[in-house]
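The values are calculated or read from the model by the stated rules, or taken from the named source; none is laboratory data. Just so it is clear, the structure is predicted and the values come from calculations on it, not from any experiment. Here the Cβ positions follow ideal geometry from the backbone for every residue, glycine too, while neighbour counts run over all protein chains shown.
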Amino acid sequence: MTIHNLFKTKKAKPNMQLLFTFVGLILLMLFFSINTSNFLSQKNLLNVALQTSVAVLVALAETYVIITGGIDLSIGSMAAGSGMVVAIAINHGMSIPVAIILGLLTGILSGAFNGFVITVLGIVPFIATLGTNSIMRGLIYVILNGIPLSASSAGEAFTWIGQGKLCGWLPYPVLFMFIIAIIATIILVKTKFGRIIFAIGSNENAAFLSGINVNINKFSVYVFCGLLSSIAGIILTSRVASASPTAGEGYETFAIAAAVIGGASLSGGKGNMIGTIIGAFIIGIMNNGLNLIGLSSFWQQVAVGCVIILAVFLDVIRVKLKNN
């Protein structure tokens, strides 16, 4: 198999799974609009978008990794670590741009560590990133001594990132989410790097035999994942004006669920940014709607877990039907 054949595109076909996911989102919104009085209000919908925006960023990052056939369980701790570094830098009198750069470098280096452990040491992604997650979360608790660190001393010079609104109504985190989602989509579908990611996830051995440097590209994916996670962590820290040792907990589950609901296959080689965003908003709207109905947050977790299992089950059925 040559690189030309590996990257040869086929005639575009309607993405039925993406269509079904979108229809599911519409039906879910219709259900909550009927059963609650203020679900479709502008204030509530903007609140859902704001609450979901940061999680969408880590979900996009997770989708890249899943497409390669891997998994990253450390995105939450990478986000928290980056936010912590920014808060510490601000409290030491550093300028906001320098603090943000340090936060981004924290995520990039964390992603690079994951990539090194996976591609050089040969440890499977699940175990490697599980270990990284434990290491980083432990360090965060040690450094912060289990107590949130305020970043409010920087004032609006920093908090506008997470609390400000464009034209007085559109939250900046939502705007950043759309911009980053567009960039991530372009990279995935319009660049050679994106095609390589799909090739690795579809058949790693075939990709290697076609001349692709599998390890370098997988390493790059984890670095990119760390970068997006750090951006999410910085926005989250700005929004709450503090770095918390528990920040980002549960992001791993949310990100994987959003990617799978959106059509990504845990076996690799399949996934798209639009589907992940829809999947993320399905979870966000589900949590918001169930909260408006008055259902306990504990039951909300049960509902999300059921959706994850259903999405994975449907993916298994799809693979079996395709093979048959």
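Close Cβ contacts (under 7 Å, 6 or more residues apart or on different chains) running from residues in the stretch 193-210 that are touching a residue at least 12 places away in the same chain (Cβ under 8 Å) and over 12 Å from GLY271 (Cβ atoms) to residues that are buried (at least 19 other Cβ atoms within 10 Å of the Cβ) and among the charged types (D, E, K, R) comprise ILE200/LYS218.
Quick test for you: out of GLY201, GLY289, pick the one residue that is among the small types (Gly, Ala, Ser), part of a helix (DSSP H, G or I), in contact with a Ser or Thr (Cβ under 6 Å, 6 or more places away or on another chain) and modelled with pLDDT under 95. Explain how you work it out, then say what you get.
Values: GLY289 fails: in contact with a Ser or Thr (Cβ under 6 Å, 6 or more places away or on another chain).
Unique residue meeting the criteria: GLY201.
When residues in the stretch 143-157 are screened for being crowded, with 19+ Cβ neighbours inside 10 Å and either in a loop (DSSP other than H, G, I, E, B) or in contact with a Cys (Cβ under 9 Å, 6 or more places away or on another chain) (or both), 1 of them pass.
For the stretch 40-68, what are the residues that are at pLDDT 90 or above, hydrophobic (A, V, I, L, M, F, W, C) and over 30 Å from LEU130 (Cα atoms)? LEU45, LEU46, listed by residue number. Kindly indicate the residue of the stretch 61-84 that is part of a helix (DSSP H, G or I) and in contact with a Cys (Cβ under 9 Å, 6 or more places away or on another chain) and also surrounded by the fewest Cβ atoms within 10 Å (Cβ to Cβ) among those meeting that condition. Out of the qualifying residues, it is TYR64.
When you check ILE283 against the structure, is it within 15 Å of LEU25 (Cβ to Cβ), within 19 Å of the chain's Cα centre (by Cα) and at pLDDT 80 or above, yes or no? Even if it seems obvious, please write down each step before you answer.
Details: within 15 Å of LEU25 (Cβ to Cβ): yes; within 19 Å of the chain's Cα centre (by Cα): yes; at pLDDT 80 or above: yes.
Yes: the conditions hold for ILE283.
Taking the criterion of being closer than 22 Å to ILE67 by Cβ, at pLDDT 90 or above and surrounded by fewer than 24 Cβ atoms within 10 Å (Cβ to Cβ), the only residue of the stretch 240-253 that qualifies is GLU252. The requirement of being touching a helix residue (DSSP H, G or I) at 6+ places or on another chain (Cβ under 9 Å) and at pLDDT 90 or above is satisfied by THR237.
Can we say ALA87 is under 13 Å from ALA154 (Cβ atoms), in contact with a strand residue (DSSP E or B) (Cβ under 6 Å, 6 or more places away or on another chain) and in a helix (DSSP H, G or I)?
Values: under 13 Å from ALA154 (Cβ atoms): yes; in contact with a strand residue (DSSP E or B) (Cβ under 6 Å, 6 or more places away or on another chain): yes; in a helix (DSSP H, G or I): yes.
For ALA87, the condition - under 13 Å from ALA154 (Cβ atoms), in contact with a strand residue (DSSP E or B) (Cβ under 6 Å, 6 or more places away or on another chain) and in a helix (DSSP H, G or I) - is met.
Here is a yes/no grid of residues against (1) touching a Ser or Thr at 6+ places or on another chain (Cβ under 8 Å); (2) loosely packed, with under 15 Cβ neighbours inside 10 Å; (3) farther than 23 Å from LEU50 by Cβ:
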| residue | (1), (2), (3) |
| --- | --- |
| ALA280 | yes, no, no |
| ILE293 | yes, yes, no |
| SER297 | no, yes, no |
| VAL304 | yes, no, no |
| ILE309 | no, yes, yes |
| ILE317 | no, yes, yes |
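On the basis of being in contact (Cβ under 8 Å) with a residue 60 or more places away in the chain, within 30 Å of GLY263 (Cβ to Cβ) and surrounded by fewer than 24 Cβ atoms within 10 Å (Cβ to Cβ), does LEU57 make the cut? The answer is no for LEU57.
Rundown of residues vs (1) part of a helix (DSSP H, G or I); (2) touching a residue at least 40 places away in the same chain (Cβ under 8 Å); (3) among the hydroxyl-bearing types (Ser, Thr, Tyr), yes/no style:
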residue	(1), (2), (3)
THR129	yes, yes, yes
TYR141	yes, yes, yes
THR159	yes, yes, yes
LEU175	yes, no, no
ALA181	yes, yes, no
THR185	yes, yes, yes
ASN215	yes, yes, no
